[in-house]
Amino acid sequence: MGRIDTRVWLIVIAAGLFVCLAYVPAIIREGDLGFAVSDVFLYEAMINGLLLGGVLALLSLGLNLIFGVVDVVWICYAEIVMLGMYGIYYLHSFYGVPLLIAMPAGILLTAIIGYAVHELVIRHLLDSAPINQLLATGGLLFFFQSVATLAFGIDFRNLGVSLGSFPLTEDIYISWSRLAAFIVAAACVAGLYLFLTRTFMGTAIRAISQDREIMTLMGAAQGRLYLISSAIGGGLAGLAACLLVLQYDVHPFVGLSFGPITFMICVLGGLGNMVGGFIAAFILSELIALGGYHFDLEWGYVFAFAFFIAMMFVRPEGIMGRRS
Amino acid sequence: MLAVEHLFKRFGGFTAVSDVSFHVEQGEILGLIGPNGSGKSTIFNMLAGAFAPTAGSIRFEGRELAGLMPHRIVHMGIGRTFQIPRPFRRLSILENAALAGYYGQEHVTRTEAWEAAEEALEMVGLPTDPRAETSSLGAAGLKKLELAKALATKPRLLLADESLGGLDDSEMDQAADMLGKIRAEKGITVIWVEHIMGVLMRVVDRVMVLDHGEKISEGSPSEVANDPRVIEVYLGTDTIDTGAAADA
């Protein structure tokens with residue numbers, strides 16, 4: 001019970017921090033609580049934080065799934081998203097493929113990349129020291145970046161598709177692409193949850209993430225479960241690519257803008273713990289959004305990283321992680 | 001059903017099992033006892049495929065088992081329990097049994113695996129409710145789950161490893177009766193490895209006693225209990241419950 005109590009406390013503290021960060025700077029600036037509470041742009045920032053959290057949750061979900069099952073951290077995960085974004089961009093902008101076809105094709109592409117990363121690289125390193133596995137996936141990060149630079153150049157490319165925005169109230173405008181990203185990400189999180197809890201394959205995947213030794217002794221085709229998880233993880237990266245390509249320019253280093261934050265989310269939530277990652281995604285995205293609103297966008301990241309570092313001292317195993 | 005001949009196992013210079021031969025008949029319960037370090041667990045592990053024998057043969061229904069992978073042996077119809085239960089704690093009881101049933105049989109559909117799991121859980125008296133949590137089980141419950149997992153693989157021969165360890169007296173009686181019931185209702189042959197003689201003697205048809213890797217006695221429980229060599233071995237060690245010898 002002690003552990004659950006700690007979690008509840010952490011959530012209460014996070015909520016308290018959230019309220020402080022939301023209102024205190026505004027009160028200091030304006031000297032008036034009433035204004036801070038009725039500040040529509042503050043609420044717009046909060047909503048945008050929530051919407052960003054959905055995509056970050058999706059990214060951390062894929063990484064957590066792979067880590068939970070295969071026990072290898074894919075440093076190059078965000079670069080797979082980048083390749084997916086390029087795939088969609090080229091299919092749509094160069095070859096004129098409609099987005100509704102280009103996007104599933106992008107997901108398929110990244111699922112294949114995920115499969116290949118496991119089959120060609122990780123599978124051979126399963127018995128190696130963890131540091132070698134990290135170096136290998138870290139090497140893949142530079143490999144993917146260099147390949148993208150060679151193949152596509154360093155230009156920033158934009159899909160040129162805008163879904164526009166709609167007014168939530170008189171003053172608050174919500175971007176359609178962000179809302180779509182949030183809804184798709186949330187649906188996908190729910191779908192993955194159902195897959196993991198209601199299907200036999202999902203049960204097997206949860207089992208192997210708990211005790212791979214026993215599953216091997218039971219004769220489970222370990223390699224197959226690894227490949228399936230890697231392909232699903234890759235596919236989730238592709239789905240994130242679909243959502244991000246609508247909002248951001250594509251360039252070979254785009255992965256660096258959300259790769260590190262994805263790792264932070266996974267570690268903050270407890271590596272391999274999908275529920276923890278889900279919660280952590282929203283905590284960090286709100287910190288970024290609110291910090292960015294009150295100060296500068298960069299300050300948002302400063303707050304998020306500072307919170308992360310502080311949490312690593314308080315709770316190194318992550319919000320939902322188990323002490324080992 | 002099972003014929004073991006001239007089985008040897010050496011670990012480096014240490015001979016854990018030395019020239020042990022025995023056989024098990026269809027439908028019988030064979031008890032395998034001996035003090036710590038007598039080689040009974042080593043024999044158990046060779047039967048289950050965890051260790052390959054150094055020499056000798058293990059034939060199950062005429063087919064050689066020595067050197068096969070553990071899960072291949074399970075597929076052939078030999079289920080095993082683990083001395084120290086190690087379930088997937090964050091999966092439900094039913095899911096644990098269903099995974100065992102699915103991976104423990106060849107050519108089994110997922111539906112059949114769920115059914116086998118439910119049947120096995122009913123047999124040992126655990127809840128078949130899909131929401132029943134594994135983490136709610138105590139020592140006795142975990143031992144029952146071990147048994148259910150082995151039964152879900154639809155074995156013809158069941159290897160039970162120290163099913164009584166960590167249980168109190170009434171739980172031991174229940175566990176012993178359970179093995180008797182499994183044999184009676186399912187016709188499953190049982191090899192029961194145990195450190196404690198007491199309750200085992202009540203249920204088994206035949207007992208084999210090991211000491212220092214050698215078979216020192218074999219026969220009905222009463223024959224074995226009165227065998228001077230067995231008495232010597234068991235009185236010579238101070239951890240053994242010798243009450244059973246007097247009971248039998």
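The values are calculated or read from the model by the stated rules, or taken from the named source; none is laboratory data. On a predicted model such as this, the values are computed, not experimentally measured, just so you know. Cβ placement follows ideal geometry from the backbone for every residue including glycine, while neighbour counts extend to all protein chains displayed.
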With respect to the numbered conditions (1) in contact with a helix residue (DSSP H, G or I) (Cβ under 9 Å, 6 or more places away or on another chain); (2) at pLDDT 95 or above; (3) hydroxyl-bearing (Ser, Thr, Tyr), which one is the sole condition not fulfilled by residue A:60?
(2)
Only helices (runs of 4 or more DSSP H) wholly contained in segment B:131-241 count here; list those with 2 or more residues that are under 15 Å from the mean Cα position of the chain (by Cα).
B:139-152, B:169-186, B:200-203
Go through segment B:16-71 residue by residue and tally those that are touching an Asp or Glu at 6+ places or on another chain (Cβ under 6 Å) and part of a loop (DSSP other than H, G, I, E, B).
3
Just one of the numbered conditions (1) on the phi > 0 side of the Ramachandran plot; (2) within 14 Å of chain A (Cβ to nearest Cβ); (3) among the acidic types (Asp, Glu) is not true of residue B:162; which one?
(2)
Scan segment A:20-39 and report the pairs whose first residue is over 14 Å from residue A:290 (Cβ atoms) and whose second residue is surrounded by 12 or more Cβ atoms within 10 Å (Cβ to Cβ) and of a type outside the set (A, V, I, L, M), with Cβ atoms within less than 8 Å and a gap of 6+ or a chain change.
A:33/A:23; A:37/A:23
Can you tell me which residues in segment A:205-214 are more than 8 Å from chain B (Cβ to nearest Cβ) and free of Cβ contacts under 8 Å to residues at least 60 places away in the same chain?
A:213
Collect the residues in segment A:1-17 that are at pLDDT below 70 and small (Gly, Ala, Ser), keeping them in residue-number order.
A:2
Does residue A:160 count as more than 23 Å from residue A:62 (Cα to Cα) and in contact (Cβ under 8 Å) with a residue 12 or more places away in the chain?
yes
Identity of the residue in segment B:54-76, of a type outside the set (Asp, Glu), away from chain A (no Cβ under 14 Å) and within 18 Å of residue B:154 (Cβ to Cβ), that ends up surrounded by the fewest Cβ atoms within 10 Å (Cβ to Cβ):
B:63
Taking the conditions exactly as written (touching a Lys or Arg at 6+ places or on another chain (Cβ under 9 Å) and under 30 Å from residue A:92 (Cβ atoms)), does residue A:254 satisfy them or not?
no
Hey, could you check segment A:63-107 for residues that are assigned to a loop (DSSP other than H, G, I, E, B) and either in contact with a Phe, Trp or Tyr (Cβ under 8 Å, 6 or more places away or on another chain) or hydrophobic (A, V, I, L, M, F, W, C) (or both) and say which is nearest to residue A:233 (Cα to Cα)?
A:74
Within segment A:245-255, residues being in contact with a helix residue (DSSP H, G or I) (Cβ under 7 Å, 6 or more places away or on another chain) and surrounded by fewer than 24 Cβ atoms within 10 Å (Cβ to Cβ) number 4
